[in-house]
1. Only residues that are within 27 Å of Gly46 (Cα to Cα) and more than 11 Å from the chain's Cα centre (by Cα): list them for the range 9-27, please.
2. Would you please name the residue that is surrounded by the most Cβ atoms within 10 Å (Cβ to Cβ), looking only at residues in the range 29-65 that are at pLDDT below 95 and among the charged types (D, E, K, R)?
3. For the range 89-98, indicate whether the set of residues that are under 14 Å from the mean Cα position of the chain (by Cα) and either modelled with pLDDT of 95 or more or within 17 Å of Glu30 (Cβ to Cβ) (or both) is non-empty.
4. Might you let me know whether the range 5-20 holds any residue that is in contact with a helix residue (DSSP H, G or I) (Cβ under 8 Å, 6 or more places away or on another chain), under 20 Å from Gln127 (Cβ atoms) and outside any helix (DSSP H, G or I)?
5. List the pairs whose first member sits in the range 1-26 and is closer than 26 Å to Pro53 by Cβ and small (Gly, Ala, Ser), whose second member is at pLDDT 95 or above and part of a helix (DSSP H, G or I), and whose Cβ atoms are under 7 Å apart, counting only residues at least 6 apart or on separate chains?
Amino acid sequence: MNIESYQDLISAAKQQNEPQRLLFVFAKAELPNGYTQNQHDSYQQGHGGALSPVLCVDKLPDEIPEFATLAAESAHTGIEWDIAFVSALGGRGGFAPNSDEAEQPLKMMLAKIQSGIIADFLTFNRQGELVALY
């Protein structure tokens, strides 16, 4: 299935052979250490910057059927973010993974994102639009 929206993500998760738990890492754009003037200017115009993880959560697809629900829940934390990285964790024997089982995969996501290895994840902006990061 070609995922082009948050709704496609939820639909794809629900269509898998085993129940899924979705993993989210929210990141904030900021200027990198030792930034150049060009990087500063680009950042001021809303482009570029380094993405730093600020919040993690795992959810069942039925808990967050709409992106607005996810965004509203994240707003309650008081933590600002710009991009949501998303991955999925498949269950076994007809049961979705629980939050304890999601802890290690979330840590691995964090490590990959901090290392700049982001191609394995879907990325959404605050408006719930799928975005491509370069």
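1. In the first step, residues of the range 9-27 are kept if they are within 27 Å of Gly46 (Cα to Cα); the result is 9, 23-27.
Leu9, the sole residue that qualifies.
2. Going through the qualifying residues, I end up with Glu30.
3. Taking the range 89-98 first, the residues under 14 Å from the mean Cα position of the chain (by Cα) are 89.
From the residues that got through so far, the ones that are either modelled with pLDDT of 95 or more or within 17 Å of Glu30 (Cβ to Cβ) (or both) too are 89.
Yes, the range 89-98 contains at least one residue that is under 14 Å from the mean Cα position of the chain (by Cα) and either modelled with pLDDT of 95 or more or within 17 Å of Glu30 (Cβ to Cβ) (or both).
4. Checking the range 5-20: not a single residue is in contact with a helix residue (DSSP H, G or I) (Cβ under 8 Å, 6 or more places away or on another chain), under 20 Å from Gln127 (Cβ atoms) and outside any helix (DSSP H, G or I).
5. Filtered contacts from the range 1-26: Ala13/Pro61.
The values are calculated or read from the model by the stated rules, or taken from the named source; none is laboratory data. Quick caveat: nothing in here was measured; it's all calculated off a predicted structure. With ideal geometry, Cβ positions are generated from the backbone for all residues, glycine too; neighbour counts draw on all protein chains shown.
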